[in-house]
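Trainee: Once you've had a glance at the structure underneath, I'll fire off some questions.
The values are calculated or read from the model by the stated rules, or taken from the named source; none is laboratory data. Values in this document were obtained by computation on a predicted structure and should not be read as measured data. With ideal geometry, Cβ positions are generated from the backbone for all residues, glycine too; neighbour counts draw on all protein chains shown. Note: accessible area is taken over every heavy atom of the protein model, side chains too, but ligands, DNA and RNA are not part of it. Shrake-Rupley method; radii C 1.70, N 1.55, O 1.52, S 1.80 Å.
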Amino acid sequence: MTDEYGLLDTEVVDAPGDEWEELDVSDTEADRIARKRDREFLEFRKRLKDADQFKVEESVFDDATFAAIYKLVQDGHIDAFGGPISTGKEASVYTALGPDGTVAVKVYRISASDFRQMRDYLDGDPRFSGIGSDKSKVVLAWVRKEFANLQRAREAGVRVPVPIAVERNVLVMEYVGDDGGQRGRRLAEVRVENPQTAYEVVREYARRLYGAGLVHGDLSEYNLVVHDGELYVIDLGQAVTVHHPNSREFLERDCRNVANFFARQGLDVTTEDVLDYVTEADPEP
């Protein structure tokens with residue numbers, strides 16, 4: 001393998017899977033700020049709602065979401081907001097100025113989130129056993145799970161956006177892009193100069209995730225980002241542990257997506273090739 005798409009060093013991780021760790025979805029300081037609605041918070045909310053990048057979004061941002069952003073500002077994680085990076089049905093991602101440069105801020109819409117699409121990933125996960133069907137609690141747990149999954153992936157040597165902070169339904173993480181505001185490009189958006197090397201890195205990422213007890217669950221060329229000569233894995237909110245009842249199905253789908261993409265790039269690779277490499281103790285290189 002060449003130095004292109006260089007891999008991270010791995011760290012010692014706990015036993016595979018962290019599904020028994022309880023996800024705290026009780027009220028945070030942001031909820032208390034939203035209830036109190038003091039003058040400083042109301043002024044902050046008005047400034048944010050008047051900003052161009054939020055005018056279209058304000059109907060789906062509740063007071064607690066604004067309060068979460070307010071708390072992250074107070075805690076020093078965000079200094080000022082930039083523009084949107086991506087806008088989806090479940091969440092929008094924005095650039096923001098942090099203390100050490102540009103960061104990405106992912107804001108999940110509680111009122112607009114499709115709980116049914118999350119169900120396959122939630123059912124059978126003990127971390128969600130006490131949450132029930134309360135949409136707000138499900139989304140808050142989902143965001144905290146994404147934060148934890150990013151941490152675990154990073155420790156396993158998978159290049160992902162570094163998680164920085166989480167407050168209610170707002171996640172702050174490393175911005176994968178340049179100083180001029182150009183985000184990293186999805187693998188589906190670029191011409192892959194060296195498909196063999198990219199393939200070897202992607203399958204190694206899947207293997208390292210699996211070794212750390214995680215299955216991405218939606219791994220494809222749309223959740224792989226190229227920036228500054230490196231490959232990043234993004235969108236780990238739906239990632240499940242290897243003990244999840246659907247983990248094998250999700251893993252096989254991930255491997256099929258990877259194989260199909262690189263087969264289209266001209267490589268002789270099958271789903272079974274990827275799956276064997278990811279799951280074998282000592283795979284062939």
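Trainee: Amide H of Gly213: which non-local residues (sequence gap of 5 or more, or other chain) have their own amide H closer than 5 Å, using H built in the peptide plane?
Mentor: Excluding prolines and chain starts, which carry no amide H, the hits are Gly17.
Trainee: Shifting gears a bit: Structure shown: which of Lys36/Lys137; Lys106/Lys137; Lys46/Lys89 lie over 19 Å apart, alpha-carbon to alpha-carbon? If you can, show how the numbers build up before the last one.
Mentor: Working: Lys36/Lys137 21 Å; Lys106/Lys137 17 Å; Lys46/Lys89 24 Å.
From the list (Lys36/Lys137; Lys106/Lys137; Lys46/Lys89), the Cα-Cα distance tops 19 Å for Lys36/Lys137; Lys46/Lys89.
Trainee: Let me ask you something else. Return the long-range amide H neighbours of Arg185 (sequence gap of 5 or more, or a different chain), with a cut-off of under 5 Å between placed amide H atoms.
Mentor: Excluding prolines and chain starts, which carry no amide H, the hits are Val226.
Trainee: Let me know the charge dipole size of segment 129-242 about its Cα centre in debye, to the nearest 20, where only the beta-carbon of Lys, Arg (+1) and Asp, Glu (-1) is charged.
Mentor: Values: 15 positive and 16 negative charges, 95 e Å.
Using Cβ point charges on Lys, Arg, Asp and Glu, segment 129-242 gives about 460 debye.
Trainee: Let me check something: with ligands and nucleic acids excluded, how do His243, His227, His216 order by accessible area (1.4 Å probe), largest to smallest?
Mentor: Working: His243 115, His227 45, His216 5 Å².
Descending accessible area places them as His243, His227, His216.
Trainee: Please sort by residue number the trypsin sites (Lys or Arg not before Pro) in segment 153-199 whose DSSP state is loop and whose Cβ has at most 12 other Cβ atoms within 10 Å.
Mentor: On the way: sites: Arg154, Arg159, Arg168, Arg183, Arg185, Arg186, Arg191; in loops: Arg159, Arg168, Arg191.
Sparse-neighbourhood loop trypsin sites (Lys or Arg not before Pro): Arg191.
Trainee: Please list, in chain and number order, the residues 5+ apart from Tyr175 or on another chain whose amide H is under 5 Å from its amide H, with Hs placed from the backbone.
Mentor: Ala104
Trainee: Treat each spin label as a single point 7 Å out from the Cα along the C-beta direction, and report the Gln117 to Glu189 distance in nm.
Mentor: 1.8
Trainee: Tabulate in residue order the Karplus-calculated ³J(HN,Hα) for segment 76-86, using 6.51 cos²θ - 1.76 cosθ + 1.60 with θ = phi - 60°, rounded to whole Hz; enter x for Gly and Pro.
Mentor: Per residue, the Karplus-derived 3J(HN,Hα) values read x, 8, 10, 9, 7, 8, x, x, x, 8, 8 Hz.
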